[in-house]
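One structure is given here, and the rest of the page talks about it.
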Amino acid sequence: MIKSLLLLFCLCSCSQSFSQQIHFKTKASTSPYIYLDQDTVEIKVLKYYITKLQLWKQQQLVYTDQRGAFLIDGLSDATYYLAIKKPYDSLSFTLGIDSAIQRKGALGKDLDPTNGMYWAWQSGYIHFKLETHSSNNKPLQLHIGGYAYPFNTIQQLGFNVTSTKKISIQFELLKLLQQINSQKVYKIMSPSAEAVLIASFIAQSFSISNE
């Protein structure tokens with residue numbers, strides 16, 4: 001069963017009563033199956049990297065997370081904690097692994113190659129991986145990566161925060177599948193122009209919900 005991806009950031013102040021939760025969620029059906037244009041799509045793998053999470057107040061940087069990369073598994077839940085003493089009105093993050101980290105080669109923890117998100121030192125890390133089965137015999141195998149020109153697929157995302165009661169960054173999987181289906185791109189296994197295009201679709205599939 002596809003679980004709503006919950007990446008929970010608890011931001012707490014030691015000197016003032018300020019706390020915040022930020023949820024990263026994958027919007028999908030309550031089962032591993034999605035119905036798209038008379039096709040039944042079963043999600044087998046959905047993973048991506050988030051790095052350089054930053055919080056801003058009136059366009060001034062107030063916090064940068066220093067812990068490196070978060071590997072998000074879209075089929076399970078994960079919880080991470082941050083601490084901050086200042087309020088903020090926007091946030092940003094990088095979708096993918098930047099060149100500074102890539103040039104270090106294979107690393108540990110969330111960047112460990114055993115997580116299945118590393119090609120080789122020449123190509124580096126896979127930023128986003130989506131694999132599906134399909135009732136129409138159109139399985140997807142999209143391994144989106146590349147950090148150097150002309151096939152840089154790293155995406156920068158930013159969102160305004162209008163309310164800090166409850167914030168959800170949502171990844172709309174169905175929207176991405178619809179865009180992929182319109183391009184008839186079903187397999188990408190290395191940096192390429194097609195990977196750059198799909199990376200832009202991935203970035204467009206994120207949105208924010210302020211409650």
- Query: Among the listed residues 173, 142, which satisfies the condition of being more than 25 Å from residue 99 (Cα to Cα) and within 16 Å of the chain's Cα centre (by Cα)?
  - Reply: 173
- Item | Search result, residues across region 135-163 that are of a type in the set (Val, Ile, Thr) and in contact with a Phe, Trp or Tyr (Cβ under 8 Å, 6 or more places away or on another chain) | 144, 153, 154, 161
- Long-range neighbours under 7 Å by Cβ, at least six apart or interchain, first residue touching a residue at least 60 places away in the same chain (Cβ under 8 Å) and closer than 21 Å to residue 23 by Cβ within region 56-77, second assigned to a loop (DSSP other than H, G, I, E, B) and among the aliphatic types (A, V, I, L, M): 72/5; 74/5; 75/2; 77/5; 77/6
- Task: Please enumerate the residues belonging to region 115-139 that are of a type in the set (Ser, Thr, Tyr), under 19 Å from the mean Cα position of the chain (by Cα) and over 16 Å from residue 190 (Cα atoms).
- Result: 132
- Check off (1) surrounded by 17 or more Cβ atoms within 10 Å (Cβ to Cβ); (2) under 17 Å from the mean Cα position of the chain (by Cα) for residue 188 and give me the number that stays unchecked. (2)
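Condition check ((1) within 16 Å of residue 167 (Cβ to Cβ); (2) modelled with pLDDT of 70 or more) across all residues:
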residue	(1), (2)
4	yes, no
27	yes, yes
32	no, no
40	no, yes
49	no, yes
55	yes, yes
63	yes, yes
- Members of region 144-158 that are surrounded by 18 or more Cβ atoms within 10 Å (Cβ to Cβ) and not in a loop (DSSP other than H, G, I, E, B): 144, 145, 155
- Exactly one of 68, 74 is surrounded by fewer than 16 Cβ atoms within 10 Å (Cβ to Cβ) and either within 29 Å of residue 174 (Cα to Cα) or modelled with pLDDT of 90 or more (or both), and that residue is 68
- Note on the structure: Conditions (1) at pLDDT 80 or above; (2) within 30 Å of residue 138 (Cα to Cα); (3) surrounded by 18 or more Cβ atoms within 10 Å (Cβ to Cβ); (4) not acidic (Asp, Glu) -> residue 45 fails only (3)
- Query: Given the structure, is residue 94 hydroxyl-bearing (Ser, Thr, Tyr), in a helix (DSSP H, G or I), under 22 Å from residue 67 (Cα atoms) and out of contact with any helix residue (DSSP H, G or I) (no Cβ under 9 Å at 6 or more places or on another chain)?
  - Reply: no
- For region 100-112, pairs from a residue that is surrounded by 12 or more Cβ atoms within 10 Å (Cβ to Cβ) to a residue that is modelled with pLDDT of 85 or more, with Cβ under 6 Å and 6 or more apart or across chains, are 102/124; 102/147; 106/113; 106/118; 110/69; 110/71; 111/69
- Item | Residue satisfying all of: in region 48-61; buried (at least 16 other Cβ atoms within 10 Å of the Cβ) and aliphatic (A, V, I, L, M); farthest from the chain's Cα centre (by Cα) among these | 55
- Note on the structure: Scanning region 159-190 for residues that are in contact (Cβ under 8 Å) with a residue 24 or more places away in the chain and part of a helix (DSSP H, G or I) gives 173, 174, 175, 176, 177, 178, 179, 180, 181
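The values are calculated or read from the model by the stated rules, or taken from the named source; none is laboratory data. From a predicted model like this one, the values you see are computed outputs, not experimental measurements. A quick note on method: Cβ atoms are made from the backbone with ideal geometry, for glycine too, and the neighbour counts reach across all protein chains shown.
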